[in-house]
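Down below is the structure, laid out as structure tokens.
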Amino acid sequence: AIYDETFEDEDGGLVFTKARARSTNFRLPEELQPIEQGQVEPLIVSEMTKIFGTEATRNMLDLGFINFGTLREFKQSLSATVAEHIDARTSAFVNQDTGKIYFITDIIPRYYPASGLRGIILHEMGVHFGKGILTESEWSNVKAALLDMYVRGDPAIVKAYDRAADQVTHLYGPTWNEHAQDTLWNETLAYYASQNPGKIRTGPSKAIWT
């Protein structure tokens, strides 16, 4: 129920979620609930409230942790590096150096139905930003759990791993160094979160924002 032909475009601490070039003519099936540009922000805020609670969501917005804008607005107001990378394929991006997350309101409706917004929230917030606040030991435990699920043949993890592996091979070639392997598991988790939002447990993390 969500468009999933995406890849991550990275530049330093910036991580951009994009649709693949061959898929820019993608259109959501008619049976999915389409959304309009003006609905993106309130729907994402509503979904965040369900995940993190009212107070935590309000704090994230007040602190500028979560940002909404059109492609043109972000190109004009953010750095030249951001402007260079975001385009009609970019639905959201994270600045891991500042901890800010940006949702592009006129691009998201092209690739996500209403039912897919929880997935993109978890993809951007729970993975690309969330990994940055984990200790090395905690992240190692996450990778070990993912590897165990892959070895046991969990179909959702296998699908996510295979997609991530294709991307890592494209970025780093057939031989993976330590950073490439870390990227592999980061993207495996990101793909899994975006495609299986109902399986992601949330709750305790909201204490950071309350």
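Key figures
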| quantity | calculated |
| --- | --- |
| Qualifying residue in the stretch 12-22 (condition: of a type outside the set (A, V, I, L, M, F, W, C), open to solvent by 80 Å² or more (accessible area, probe 1.4 Å) and modelled with pLDDT under 80) | yes |
| All strands (runs of 3 or more DSSP E) inside the stretch 37-119 with 1 or more residues being surrounded by 14 or more Cβ atoms within 10 Å (Cβ to Cβ), modelled with pLDDT under 90 and within 16 Å of the chain's Cα centre (by Cα) | 90-95, 100-104 |
| Options Ser205, Ser194; residue that is modelled with pLDDT under 75 and touching a Leu at 6+ places or on another chain (Cβ under 8 Å) | Ser194 |
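For (1) modelled with pLDDT of 80 or more; (2) part of a helix (DSSP H, G or I); (3) open to solvent by 40 Å² or more (accessible area, probe 1.4 Å); (4) more than 22 Å from Met60 (Cα to Cα), each residue gets a yes or a no:
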| site | (1), (2), (3), (4) |
| --- | --- |
| Ile121 | yes, yes, no, no |
| Glu124 | no, yes, no, no |
| Gly130 | no, yes, no, no |
| Ser137 | no, yes, yes, yes |
| Ser140 | no, yes, yes, yes |
| Ala145 | no, yes, yes, yes |
| Tyr150 | yes, yes, yes, yes |
| Ile157 | yes, yes, no, yes |
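The values are calculated or read from the model by the stated rules, or taken from the named source; none is laboratory data. Since the structure is predicted, the reported quantities are computational estimates derived from the model, not experimental observations. Positions of Cβ are backbone-derived with ideal geometry, glycine not excepted, and every protein chain shown enters the neighbour counts. Quick note on the areas: whole protein, heavy atoms, side chains included, nothing else; ligands and nucleic acids left out. Shrake-Rupley method; radii C 1.70, N 1.55, O 1.52, S 1.80 Å.
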